[in-house]
């Protein structure tokens, strides 16, 4: 009897010493999104997820792009279940996940646009609510939101703690990136925003894109953007994509892969408990609500009263 009591005590002690992952444990959600097609949003999302996994984070990648779910192709997955199965209630989010490269788990996207873009608000909310259940099996959830501003994509802006906003140096891409930022921001929940300029020739080009976006957001939205990350144009990235292998695995030591690893590290180690709603604002605006410094910008009807003025200003920057 004494031996049994000692065994039970030892089991309880070992259990208490082990990390506990409960359903209520927070899981960080990162949305990777762009304002224009062709800027590499899906490539960034896939490689960001793999980079985070390489650094020890249990990572889930969700293809939530309503226009072109390409995660499956870039990761050479055989389609089993998709995000449509979760939306329709045929499978739970946990049941629909499948193994991906680099140790990540993936929820593939749906090719039928109507399944995602036109899903009911109830079904969208059901999917979003299930993200919390991933706290038992994930530390980080990366969502590929694609490009454009579908209703579902805007919901993800309001759900995620971090947004990686992808642009290229192309002028139209910069304009569309700013438009996405302006339309998707919610006065109540403001994620921490990371501007990532892709397909750059050099760092100076990336800083010029950042400067244009920063000037416009300061003037018309009332806050500044932090210094951006940038990825060089690299033919090896294209080659890896054609082979269905993330470049963070195929070209792990390349400058592009190292840049993505740096971004993943910053996301993995962002301060816990930090005020997510205003952390990306200038210091003198930390205690100011968005409603206070967005007078007549985004009115309740959804109209953007400054669309012509700020678009012109952004073009001139």
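Quick test for you: out of 140, 131, pick the one residue that is buried (at least 24 other Cβ atoms within 10 Å of the Cβ) and closer than 19 Å to residue 109 by Cβ.
Numbers: 131 fails: buried (at least 24 other Cβ atoms within 10 Å of the Cβ).
So the residue among 140, 131 that is buried (at least 24 other Cβ atoms within 10 Å of the Cβ) and closer than 19 Å to residue 109 by Cβ is 140.
For the range 84-104, give me each residue that is in contact with a helix residue (DSSP H, G or I) (Cβ under 6 Å, 6 or more places away or on another chain), assigned to a helix (DSSP H, G or I) and closer than 23 Å to residue 153 by Cα.
If the condition is that a residue be in contact with a helix residue (DSSP H, G or I) (Cβ under 6 Å, 6 or more places away or on another chain), assigned to a helix (DSSP H, G or I) and closer than 23 Å to residue 153 by Cα, then 84, 85, 86, 87, 93, 96 are the ones that fit.
Among the numbered criteria (1) touching a residue at least 60 places away in the same chain (Cβ under 8 Å); (2) part of a loop (DSSP other than H, G, I, E, B); (3) out of contact with any strand residue (DSSP E or B) (no Cβ under 9 Å at 6 or more places or on another chain), which one does residue 261 miss?
The one condition residue 261 does not meet is (2).
Give the residue, chosen from 237, 164, that is modelled with pLDDT of 95 or more and in contact with a strand residue (DSSP E or B) (Cβ under 9 Å, 6 or more places away or on another chain).
Working: 237 fails: modelled with pLDDT of 95 or more.
Answer to the selection: 164.
Going by the structure shown, is residue 224 out of contact with any strand residue (DSSP E or B) (no Cβ under 8 Å at 6 or more places or on another chain), surrounded by 14 or more Cβ atoms within 10 Å (Cβ to Cβ) and under 16 Å from residue 102 (Cβ atoms)? Step through it out loud before you land on a result.
On the way: out of contact with any strand residue (DSSP E or B) (no Cβ under 8 Å at 6 or more places or on another chain): yes; surrounded by 14 or more Cβ atoms within 10 Å (Cβ to Cβ): yes; under 16 Å from residue 102 (Cβ atoms): no.
Here the answer is no, as residue 224 does not meet what is asked.
Do we have any residue at all in the range 199-209 that's modelled with pLDDT of 90 or more and over 29 Å from residue 185 (Cα atoms)? Reasoning before the result, please.
Filtering the range 199-209 down to residues modelled with pLDDT of 90 or more leaves 199-209.
Checking which are over 29 Å from residue 185 (Cα atoms) leaves us with 201-202.
So far as the range 199-209 goes, yes, one or more of its residues are modelled with pLDDT of 90 or more and over 29 Å from residue 185 (Cα atoms).
Conditions (1) buried (at least 19 other Cβ atoms within 10 Å of the Cβ); (2) more than 18 Å from residue 232 (Cα to Cα), marked per residue:
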position	(1), (2)
161	yes, yes
170	no, no
177	yes, yes
183	no, yes
187	no, yes
192	yes, yes
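Wholly within the range 194-253, which helices (runs of 4 or more DSSP H) include no fewer than the required count, namely at least 1 residues that are in contact (Cβ under 8 Å) with a residue 24 or more places away in the chain and within 18 Å of residue 48 (Cα to Cα)? Lay out the reasoning, then the answer.
Details: elements: 203-216, 235-243, 247-250.
Where helices (runs of 4 or more DSSP H) fall fully within the range 194-253 and carry at least 1 residues being in contact (Cβ under 8 Å) with a residue 24 or more places away in the chain and within 18 Å of residue 48 (Cα to Cα), they are 235-243, 247-250.
Just checking, how many residues over the range 44-70 are modelled with pLDDT of 95 or more, more than 11 Å from the chain's Cα centre (by Cα) and crowded, with 24+ Cβ neighbours inside 10 Å?
The total comes to 7.
Please state which of the following conditions residue 110 fails to meet, knowing it meets all the rest: (1) modelled with pLDDT of 90 or more; (2) closer than 27 Å to residue 238 by Cβ; (3) touching a helix residue (DSSP H, G or I) at 6+ places or on another chain (Cβ under 8 Å).
Tallying (1) modelled with pLDDT of 90 or more; (2) closer than 27 Å to residue 238 by Cβ; (3) touching a helix residue (DSSP H, G or I) at 6+ places or on another chain (Cβ under 8 Å), residue 110 fails exactly one: (1).
Which pairs have Cβ atoms under 6 Å, sit 6 or more apart or on different chains, and link a residue in the range 156-170 that is touching a residue at least 40 places away in the same chain (Cβ under 8 Å) to one that is in a loop (DSSP other than H, G, I, E, B)?
160/191; 161/191; 161/276; 162/191; 163/191; 166/39; 167/39; 168/39
Examine the range 159-174 for a residue that is in a helix (DSSP H, G or I) and either on the phi > 0 side of the Ramachandran plot or touching a helix residue (DSSP H, G or I) at 6+ places or on another chain (Cβ under 7 Å) (or both), and state whether such a residue exists. Steps first, please.
Taking the range 159-174 as the starting set, the residues that turn out to be in a helix (DSSP H, G or I) are 159, 171-174.
Cutting the leftovers down to either on the phi > 0 side of the Ramachandran plot or touching a helix residue (DSSP H, G or I) at 6+ places or on another chain (Cβ under 7 Å) (or both) gives us 159, 174.
Among the residues of the range 159-174, at least one is in a helix (DSSP H, G or I) and either on the phi > 0 side of the Ramachandran plot or touching a helix residue (DSSP H, G or I) at 6+ places or on another chain (Cβ under 7 Å) (or both), which makes the answer yes.
The values are calculated or read from the model by the stated rules, or taken from the named source; none is laboratory data. In this text the structure is predicted, and so the values were computed from the model without any measurement. Glycine also receives a Cβ, built like all others from the backbone with ideal geometry; neighbour counts cover every protein chain displayed.
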